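Accompanying notes for the structure given below.
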Amino acid sequence: MSSIYDKYEAVIGLEIHAQLQTKSKAFAADSTEFGVTPNTNVSPITLGHPGTLPRLNEKVVEYAVRLGSAVKANITYENQFARKNYFYADLPKGYQITQDKTPICTGGYITIFPHTDNEKKINITRIHIEEDAGKSMHDQDPFNTLIDLNRAGVPLVEIVSEPEIRSSEEAYAYIAEIRKLVRYIGICDGNMEEGSLRVDANISVMPKGSKTFGTRAEVKNMNSLRNVQRAIDFEIKRQIELIESGGTVEQETRSFDAVKGITFSLRSKEMAHDYRYFPEPDLQPVFVEQDYIAKVKNSLPPLPNELYTKFTQELGLSDYDASIIIEDKDIALFFNELIELTNNFKAAANWINGAVKSFLNENALHITDFPLQPKHIAQIITLIEENKISNSLANQKLFPTLIENPEKTAEELAQENNWLQESDDDALLQYVEEAIAKYPEKVEEYKNGKKGLIGLFMGEVMKLSKGKADPKLANKLVREKLEQ
Amino acid sequence: MKKYSKLTDIQNDLKNKTITLPQLVEDYLKNIDQTKDFNIFLEVFDEEAKSKAQEIQQKIESGNAGKLAGMVIAIKDNICYKNHKVSASSKILENFESLFSATAVERLLKEDAIIIGRTNCDEFAMGSSNENSYFGAVKNPVNPEYVPGGSSGGSAAAVAANTCLAALGSDTGGSIRQPASFCGVVGLKPTYGRISRHGLIAYASSFDQIGPLTQSVEDAALITQVIAGMDEYDTTCSSKPVDNYTESINKPEKKYKITYFKSYIEKEGLDPEIKEHLLNTIENLKAQGHIVETSDFPYLDYVVPTYYVLTTAEASSNLARYDGIHFGYRSPNAHDLESTYVLSRSEGFGDEVKRRIMLGTYVLSAGYYDAYYAKGQKVRRILKQETERILSEYDFILLPTTPGTAFKIGEQIDDPIKMYLEDIFTVQANLTGVPAISLPTGKHSNGLPFGIQIMSKHFAENELFAFANTFNINA
């Protein structure tokens with residue numbers, strides 16, 4: 001049985017505002033530091049005092065070009081700034097400096113669900129530079145709205161997607177990919193809760209197979225990935241139910257209420273702002289030359305997809321291992337460094353996705369705070385490879401001890417703690433003989449075909465050697481002895 | 001007091017010790033006091049000027065004074081001076097104090113000029129008569145029944161009334177040159193981008209320029225030389241090096257190629273005496289060996305509409321910051337955000353400012369943008385190309401500054417269109433960015449002065465000053 005919801009297809013376009021991590025504001029020398037006392041990073045320029053003029057922070061252009069290069073967009077040569085005019089209490093000049101007709105990037109795309117059957121390209125319409133407004137706080141004082149202008153003038157890029165997203169899952173994946181990317185290229189911390197990444201969604205529905213989009217509603221105020229997904233799901237359902245009950249969708253701006261899980265109307269089309277965009281006369285156009293673009297491109301760190309390809313095709317890692325590693329930029333870079341120090345890539349991946357990640361999770365640490373360096377992990381891997389320590393001893397003893405003593409090498413610690421494996425045949429042979437001598441009747445049973453008993457003798461050997469016996473060699477010796 | 005018309009005379013007398021700087025400042029302050037009825041100054045920085053005079057006098061005596069030592073100068077009330085009030089003659093900024101100084105002011109101070117006060121002007125530099133000031137009209141010192149012109153009416157009157165040697169004004173569509181013409185002083189609108197706009201309260205950003213009002217071309221050249229040049233706080237300010245203007249005005253006279261537009265001279269409404277004076281000037285120039293020819297410039301009817309479409313658009317945005325929230329006047333009757341905006345702006349702005357904000361908002365509105373703003377930009381481009389083309393063939397364009405002499409206070413205030421047409425000969429320089437100077441060469445039979453205007457190529461101030469300095473002026 002098909003439900004009404006199956007008759008429709010959602011059309012979603014996203015506008016993502018990413019706050020750029022420049023040290024100073026887009027058009028003033030004020031600091032952009034987050035979380036400082038309200039209204040302290042405010043020069044006369046930020047305050048919009050009479051007689052002040054904007055001055056472009058060139059880092060903003062560089063960051064936008066980084067992003068444009070990373071999504072394979074066209075970079076605009078002649079960049080004009082524009083004014084977007086509207087009145088609001090946290091907008092001191094009465095206009096926002098932005099780009100209108102000449103966004104710094106056009107085109108480009110994001111791949112969602114990469115390397116899976118659901119892989120899909122979402123095209124980007126444009127990316128433009130703009131300045132943020134200040135912050136209005138309505139809940140700090142019972143009678144007044146308080147304004148903090150520290151954020152006013154902080155640079156943003158707005159990334160506008162084509163309406164090619166078809167579900168909340170795709171939207172989620174698209175935003176997650178963008179967030180990963182901006183973190184990789186170091187232009188934005190991607191923190192949605194703190195508002196450094198903000199998403200507006202344009203949502204409409206149309207009968208499946210239709211070529212004409214329905215009327216869209218724009219939904220704002222979704223401050224987490226999860227809420228974007230909830231808001232879109234609610235909105236799709238709301239619109240379908242509205243149409244099915246004979247109503248029509250209004251073009252309007254809606255807000256998401258995370259507590260109730262619903263969207264509600266903020267303003268209708270009639271109430272929509274007329275922003276009266278016009279070229280910003282206080283700023284000269286910025287010309288982005290080809291060699292500048294090339295320079296920025298060359299300075300980009302490896303991107304997630306490039307690393308994925310490298311890890312799977314050059315290193316032979318599984319799709320699964322590679323996908324997990326590239327999820328976090330710093331882990332990927334840690335791994336990327338690690339594989340320069342060892343050739344055992346599979347072991348390297350296992351260590352990162354295993355012991356290292358467990359340690360980080362247990363201690364709620366990010367890899368940038370991890371006490372060990374790639375060289376430490378490489379040393380452990382080498383010790384195991386050379387049969388100098390068993391895998392289990394390395395995991396259970398050496399790794400935690402090394403974390404406590406990162407100034408030492410793995411081998412030094414193993415030596416000090418007497419964990420180095422004894423591959424010396426004579427010593428080992430002695431343990432083997434001792435183990436066999438301990439259970440004469442089991443020897444008989446083994447000889448009569450109960451081959452599983454080898455585990456008992458091995459356990460005894462490991463016990464006697466205090467875990468240092470090379471298990472492979474011990475196994476071989478036990479077998480030889482028993483079958484004599 | 002002795003009437004000085006240029007700084008070098010003052011500097012000579014200071015050197016010869018026939019006067020001292022504190023004495024000179026006292027004399028100017030006395031003149032300010034005696035001309036109080038003209039409503040020229042909104043604030044006189046008397047104590048400050050006196051102590052500065054002592055300080056600079058000592059520097060003069062020890063031989064380490066700046067280039068402008070001895071210059072007493074007034075600044076228009078839309079130019080910021082750190083820790084001083086700056087109101088743009090508006091109620092909305094009545095008690096506003098600037099936290100910084102305009103680059104032009106910084107540079108004047110660095111060369112030891114003394115800023116004696118801030119002068120009245122049309123509110124936010126919008127007007128041609130100085131009647132649009134919240135603090136009342138300014139009277140023309142030549143005849144107090146008449147307007148001094150605007151919007152830098154206070155600055156022109158200050159120089160004409162000998163209350164200071166020079167003044168800074170700002171010129172968006174003629175706001176320096178027109179009052180200079182009405183008051184009989186020299187007024188320069190420099191090339192757009194020659195002088196930093198940092199610290200100039202914006203009216204129309206792509207038109208505004210600070211410039212000097214003086215009694216001599218020499219002082220205009222000297223002041224411009226001091227305040228011009230690149231500024232990290234204004235990225236529209238040119239990085240072109242500043243020529244040595246004071247040197248170029250003393251170079252031997254060159255023979256120039258000059259043009260004038262027949263359409264301008266034959267413009268209906270141009271005062272016949274001004275026309276005659278201009279034609280006589282042309283004959284004189286020819287007699288001096290310059291080449292003077294007519295050229296076609298068939299766009300005179302477009303300059304004023306284009307100017308008003310574009311400047312009001314920019315103004316509507318530039319003045320959005322005066323909203324009663326962060327600084328300036330807030331209506332005591334406001335009770336929420338919207339009423340704060342509506343009441344503060346309704347009560348804080350005067351009629352002309354409101355008229356231009358509404359016009360500008362209209363021409364930028366969705367549905368009207370293409371018909372007005374976009375078209376205005378196109379026309380501006382054509383005007384610029386044509387003007388540049390003409391100036392590639394000629395060194396200068398000679399034209400009237402104003403269609404008539406000063407009019408009586410109150411005479412035109414209810415006819416904004418007529419008032420806007422006061423700018424007909426001056427807006428071309430702002431629309432195209434070229435420099436233009438008004439020289440007080442004319443004297444009307446009605447007893448009032450009037451100027452002639454010379455425009456030159458972009459950044460050709462040196463040539464402009466050199467040529468202007470050959471005129472006999474009666475400041």
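Only the coordinates and a few stated rules stand behind these numbers; no lab work does. Everything quoted here is computed from the prediction, not taken from an experiment. Note: ideal-geometry Cβ built from the backbone for every residue, glycine included; neighbour counts use all protein chains shown.
Output the 0 to 90 degree angle, nearest 10, between the alpha-carbon long axis of helix A:58-70 and the longest principal axis computed from the alpha carbons of chain A.
Computed tilt is about 60 degrees.
Around A:THR263, which amide H atoms from residues at least 5 apart in sequence, or from another chain, sit under 5 Å from its own amide H, with H modelled in the peptide plane?
Close amide H contacts, sequence-distant or interchain: A:ASP257.
Sequence gap at least 6, Cα distance under 8 Å: using those rules, report the relative contact order of the range A:180-245 to the nearest whole percent.
Relative CO of the range A:180-245 lands at 26 percent.
Treating only the Cβ atoms of Lys and Arg (+1) and Asp and Glu (-1) as charged, compute the dipole magnitude of the range A:313-428 about its Cα centre; round to the nearest 20 debye.
280 debye
Given a cut-off of 18 Å, name the pairs among A:LYS388/A:LYS472; B:LYS76/B:LYS189; A:LYS59/A:LYS121; A:LYS208/A:LYS269 whose C-alpha atoms lie farther apart than that in the structure shown.
A:LYS59/A:LYS121; A:LYS208/A:LYS269
So which aspartates and glutamates pass the test for B:LYS255, namely a Cα distance under 12 Å, with those fewer than 8 places away in the same chain ruled out?
List returned: B:ASP395, B:GLU463.
Considering the dipole of chain B built from charges on the beta carbon (Lys and Arg +1, Asp and Glu -1) around the Cα centre, which of B:ALA166, B:ALA429, B:THR259 is farthest to its positive end?
Going by the charge dipole, the pick is B:THR259.
About its Cα centre, how strong a charge dipole does chain A have in debye, to the nearest 20, once Lys and Arg get +1 and Asp and Glu get -1 at the Cβ?
800 debye
Between B:ARG389 and B:ILE291, how high is the FRET efficiency from 1/(1 + (r/R0)^6) when r is the Cβ-Cβ distance and R₀ = 22 Å? Nearest 0.05.
0.80
Could you work out the per residue convex hull volume over the alpha carbons of chain A, in cubic angstrom?
Hull volume normalised by residue count: 231 Å³.
Show the residues, 5+ positions off or on another chain, whose built amide H is closer than 5 Å to the amide H of A:VAL11.
It is A:SER204, A:VAL205, A:MET206, by chain and number.
What is the list of residues in the range B:340-369 whose amide nitrogen lies under 18 Å from a point 7 angstrom out from the Cα of A:ARG267, following Cα to Cβ?
B:340-343, B:361-362, B:364-367
Going by Cα centres, the range B:1-65 and the range A:62-114 are how many Å apart?
Value for the Cα centre distance between the two parts: 53 Å.
Going by how many other Cβ atoms sit within 10 Å of their own, how do B:LEU285, B:LEU359 line up, fewest first?
Neighbour counts put them in this order, fewest first: B:LEU359, B:LEU285.
Calculate the spin-label point distance for A:ARG479 paired with B:LYS375, positioning each point 7 Å from the Cα along the beta-carbon direction, and give it in nanometres.
9.5 nm
What size of dipole, in debye to the nearest 20, comes out for chain B about its Cα centre when the only charges are +1 on Lys and Arg C-beta atoms and -1 on Asp and Glu C-beta atoms?
I would put it at about 700 debye.
Mind computing the radius of gyration and Dmax over the alpha-carbon atoms of the protein assembly as shown? Å is fine for both.
38.6, 141
Output the 0 to 90 degree angle, nearest 10, between the alpha-carbon long axis of helix A:454-464 and the longest principal axis computed from the alpha carbons of chain A.
Roughly 90 degrees between the two axes.
So which of A:LYS93/A:LYS220; A:LYS397/A:LYS463; A:LYS310/A:LYS346 end up more than 18 Å apart, counting from Cα to Cα?
From the list (A:LYS93/A:LYS220; A:LYS397/A:LYS463; A:LYS310/A:LYS346), the Cα-Cα distance tops 18 Å for A:LYS93/A:LYS220.
Taking every DSSP beta bridge that has both residues in chain B, what percent is antiparallel when rounded to the nearest 5?
Taking every DSSP beta bridge within chain B, about 65 percent pair in antiparallel fashion.
Need the list of aspartates and glutamates near B:LYS262 for cross-linking: C-alpha distance under 14 angstrom, and skip anything on the same chain fewer than eight residues off.
By straight Cα distance, B:LYS262 reaches B:GLU276, B:GLU293, B:ASP296, B:ASP301.
Amide H neighbours of A:ILE124 under 5 Å, at least 5 residues apart or on other chains, H built in the peptide plane: list them.
Placed amide hydrogens put A:GLY108, A:TYR109, A:ILE110, A:GLU162 under 5 Å from A:ILE124.
Among the listed pairs A:LYS84/A:LYS297; A:LYS25/A:LYS135; A:LYS25/B:LYS91; B:LYS286/B:LYS457; A:LYS84/A:LYS135, which are separated by more than 24 Å between their Cα atoms?
A:LYS84/A:LYS297; A:LYS25/B:LYS91
Where the eigenvalues come from the Cα gyration tensor of the range B:1-63, what are the semi-axes √(5λ) of the equivalent ellipsoid, largest first, in whole Å?
Computed over the range B:1-63, the values are 23, 14, 8 Å.
For peptide A:82-92, compute the average count of partner chain beta-carbon atoms within 10 Å of each residue's beta-carbon.
4
Using a Förster radius of 60 Å, what is the FRET efficiency between B:THR470 and A:LYS59 based on their Cβ-Cβ separation? Nearest 0.05, please.
It comes out at approximately 0.75.
Please name whichever of A:ILE16, A:VAL61, A:PRO44 sits farthest to the positive end of the charge dipole of the range A:1-70, dipole taken about the Cα centre and charges placed at Cβ: Lys and Arg +1, Asp and Glu -1.
A:PRO44
Would you mind ranking B:LYS2, A:LYS310 by Cβ crowding within 10 Å, fewest neighbours first?
Least crowded to most crowded, the residues run B:LYS2, A:LYS310.
Going by alpha carbons, how many degrees (0 to 90, nearest 10) lie between the helix axis of A:168-184 and the longest principal axis of chain A?
80 degrees
How far apart, in nm, are two points set 7 Å out from the Cα along the Cα-to-Cβ line at B:LYS82 and at B:LYS15?
For B:LYS82 paired with B:LYS15, the spin-label model returns 3.2 nm.
Percent antiparallel among DSSP beta bridges with both residues in the protein assembly as shown, to the nearest 5?
So the antiparallel bridges in the protein assembly as shown amount to around 80 percent.
For a footprinting-style exposure proxy, rank A:HIS138, B:HIS277, A:HIS115 by other Cβ within 10 Å, fewest first.
In order of increasing Cβ crowding within 10 Å: A:HIS138, A:HIS115, B:HIS277.
How far is it, in nm, from the label point at B:VAL342 to the one at A:SER318 when both lie 7 Å from their Cα along the line to the Cβ?
6.7 nm
What ratio of Cα Rg to 2.2 N^0.38 Å holds for the range A:2-113?
Taking N as the residue count of the range A:2-113, the ratio is 1.40.
Full extension from A:ASP257 to A:ALA364: what is 0.36 nm times the residue separation minus their Cα-Cα distance, to one decimal in nm?
35.5 nm
Choose one of B:VAL25, A:ASN417, A:ASN363: the residue whose Cα lies farthest towards the positive end of the charge dipole of the protein assembly as shown (beta-carbon charges +1 Lys, Arg; -1 Asp, Glu; about the Cα centre).
B:VAL25
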